[in-house]
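Worksheet for the structure shown next.
The values are calculated or read from the model by the stated rules, or taken from the named source; none is laboratory data. Since the model is a prediction, treat every value here as computed from it, not as a measurement. Backbone-built Cβ (ideal geometry, glycine too); neighbour counts: all protein chains shown. Please note that ligands, DNA and RNA were not included when accessible areas were found on the heavy atoms of the full protein model with its side chains. Shrake-Rupley method; radii C 1.70, N 1.55, O 1.52, S 1.80 Å.
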Amino acid sequence: MHKEIKEEGQGHIFENSFLEPLTKSPPYISALIYSLAVFILLVIGWQMQVVDSFWVGALIYIGAIFFWTFFEYFAHRYLFHIDEYFPNSKIASKLAYTFHGIHHEYPRDKDRIIMPPVPGLMIISILYGVFLFLLGDYAYLFMPGFVTGYLLYTRIHYLTHTPPVPSYLKSQYRHHSLHHYKYPEKAFGISTTLWDRIFGTMPPADA
């Protein structure tokens, strides 16, 4: 994870000419595919009449968006930086670089700011199975909300890496930049700083 930051260029994860293109994608392609997944799941949930009340369905959907922010923090802190917890593991180092380290090395590579469709849909399928097991048919409302949370996160993440940053995202830009350039062990939240505040990983106020 501790590689020289390169403000230009694009890194490589695989030498294989078939696998490497699957690790990157134009952001709008990824966003479109994930949005389609949200729509399909919501339609299935509506056809199955998972809930009797619109407001109950809306509460589950919005609750899933909020849950995403916790998942985002947890995944960023412990999974994407797993090499920090297992410094002698080559597997942990490879996982961390594949999932996140390459983004730290090339923070302005737009093709890897959002998870590309192939690995992204694989992860969505796994999480769908987990949510279906835990929540039953409510997964058809929870999963779309969860992915919507991811889409909101990717929008914020993309804009904080592609200047000029909108004025309403200056706070998130500062917070995320501190994570990239000064405090990689802090500032894990991108959508919100809430969980950094709760778990004590906020950068110093005067940073």
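Residues of segment 44-59 being open to solvent by 40 Å² or more (accessible area, probe 1.4 Å) and within 24 Å of the chain's Cα centre (by Cα), which ones?
LEU59
Return the only residue of ILE114, ILE156, ILE102 being closer than 21 Å to ALA64 by Cβ and assigned to a helix (DSSP H, G or I).
Only one candidate passes the filter, namely ILE156.
For ILE114, only one of the following conditions fails: (1) crowded, with 19+ Cβ neighbours inside 10 Å; (2) at pLDDT 90 or above. What is its number?
All conditions pass for ILE114, except number (2).
Only one of these is of a type outside the set (Phe, Trp, Tyr) and touching a residue at least 40 places away in the same chain (Cβ under 8 Å): ILE62, ILE82, ILE91. Name it.
Values: ILE82 fails: touching a residue at least 40 places away in the same chain (Cβ under 8 Å); ILE91 fails: touching a residue at least 40 places away in the same chain (Cβ under 8 Å).
Unique residue meeting the criteria: ILE62.
May I ask you to say which residue of ILE102, ILE113 is touching a residue at least 40 places away in the same chain (Cβ under 8 Å) and in contact with a Lys or Arg (Cβ under 9 Å, 6 or more places away or on another chain)?
Of the residues listed, the single one that is touching a residue at least 40 places away in the same chain (Cβ under 8 Å) and in contact with a Lys or Arg (Cβ under 9 Å, 6 or more places away or on another chain) is ILE102.
Identify, from the list SER30, SER17, the residue that is over 22 Å from LEU127 (Cα atoms) and either free of Cβ contacts under 8 Å to residues at least 60 places away in the same chain or part of a helix (DSSP H, G or I) (or both).
SER17
What tally of residues in segment 157-196 results from selecting those that are exposed (fewer than 15 other Cβ atoms within 10 Å of the Cβ) and closer than 19 Å to HIS81 by Cα?
Number satisfying all stated conditions: 3.
For segment 60-96, how many residues meet the condition of being open to solvent by 100 Å² or more (accessible area, probe 1.4 Å), farther than 18 Å from VAL38 by Cα and in a helix (DSSP H, G or I)?
Total satisfying the criteria: 4.
Could you check, for segment 2-12, whether at least one of its residues is at pLDDT 85 or above, surrounded by 11 or more Cβ atoms within 10 Å (Cβ to Cβ) and basic (Lys, Arg)?
No: segment 2-12 contains no residue that is at pLDDT 85 or above, surrounded by 11 or more Cβ atoms within 10 Å (Cβ to Cβ) and basic (Lys, Arg).
Note down all Cβ pairs under 6 Å where the first residue falls in segment 182-199 and is farther than 14 Å from PHE71 by Cβ, the second is open to solvent by 50 Å² or more (accessible area, probe 1.4 Å) and part of a loop (DSSP other than H, G, I, E, B), and they're at least six residues apart or on different chains.
From residues that are farther than 14 Å from PHE71 by Cβ, the pairs are ASP196/MET202.
Filter segment 117-156 down to the residues that are of a type in the set (A, V, I, L, M) and over 30 Å from PRO184 (Cβ atoms), then identify the one that is surrounded by the most Cβ atoms within 10 Å (Cβ to Cβ).
LEU141
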